[in-house]
Amino acid sequence: MGMALPVGGGIGGLVLLLLFSALTGQNPVDIINTQSSDDTVGTTGVPADDPQAEFVSVVLADTEETWSEIFREQGQDYPEPMLVLFTDATQSACGVGQSAMGPFYCPNDQMVYLDLSFFHELETRFGAPGDFAQAYVVAHEVGHHVQTVTGLSSRVAAARERGSERNANALSVRQELQADCYAGVWGHYAARRGLLEPGDAEEGLRAAAAIGDDRIQRQTQGRVVPESFTHGSSEDRVQWLRSGLDSGRMDACDTFTSGTF
Ligand SMILES: [Zn+2]
């Protein structure tokens with residue numbers, strides 16, 4: 001079973017690094033427990049049997065099922081992202097990740113970085129409780145992974161370098177809204193598999209509306225943070241998540257040519 005070692009794991013916040021491509025067809029919870037004995041990088045922070053860690057692994061495995069299916073229909077392979085659960089701070093190929101940043105995806109190492117305390121904050125600070133709200137957060141970061149795989153992220157990065165700062169922010173917003181829409185695409189498939197309960201979609205929409213730029217403003221300056229750009233208004237985020245949820249189609253997520261905002 002392939003297991004990548006973390007970049008700069010000496011920071012001490014990194015507690016788990018799980019290669020979820022190993023999960024296909026197996027119970028993710030068992031895998032987490034199994035891997036933790038061999039492959040846990042640190043021992044403080046997130047216990048391997050933490051219910052939220054298990055929940056995140058289940059969600060991630062389900063996003064992999066969804067995106068593998070979508071990519072297969074297009075005759076392509078879906079390279080699965082890895083997940084890093086951490087507390088406080090961790091090293092990533094995109095710089096130092098800190099809990100205050102919230103979850104982020106690093107295209108350089110194709111890993112999703114998540115501090116589970118964010119879920120608590122999602123509930124208490126942003127008033128977006130519920131398991132689907134948490135799932136949406138994971139699925140949004142996976143959406144950035146999809147953008148990396150399709151080459152969208154590097155096209156945006158190149159365009160951002162060429163343009164003005166204002167232009168760059170507008171591009172970032174479109175990229176973020178597309179990730180919201182991709183999260184919705186996953187939600188559509190999850191619903192088809194009977195994984196959504198009544199009210200789940202609303203939970204996700206509430207979370208989309210709640211997570212805004214104020215969270216981002218808490219970030220430490222001078223760090224390279226993929227999420228350090230504006231994410232768009234609550235209204236836009238809800239609209240694009242809804243677009244993915246309703247359609248289940250990537251082509252319903254073309255935030256770049258759409259004139260809706
Ligand atoms: Zn994002």
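What follows draws every value from the coordinates through simple rules; no lab data is involved. Small disclaimer: the values here were computed from a predicted structure and weren't measured. Glycine also receives a Cβ, built like all others from the backbone with ideal geometry; neighbour counts cover every protein chain displayed.
At a glance:
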{"read-out": "Förster radius 25 Å - calculated FRET efficiency between Asp49 and Gln74, Cβ distance, rounded to 0.05", "value": "0.10"}
{"read-out": "Order by protection proxy (mean Cβ within 10 Å, highest first), peptides 240-246, 251-257, 186-192, 139-145", "value": "139-145, 240-246, 186-192, 251-257"}
{"read-out": "Length released on extending from Ser234 to Asp131, taking residue separation times 0.36 nm less the Cα-Cα span", "value": "35.1 nm"}
{"read-out": "Square roots of 5 times each gyration tensor eigenvalue, C-alpha, the range 172-211, largest first, Å", "value": "20, 13, 4"}
{"read-out": "Förster radius 41 Å - calculated FRET efficiency between Asn108 and Glu197 (Cβ-Cβ, nearest 0.05)", "value": "0.70"}
{"read-out": "Simple spin-label estimate for Glu165 and Phe256 in nanometres, 7 Å along Cα-Cβ", "value": "2.5 nm"}
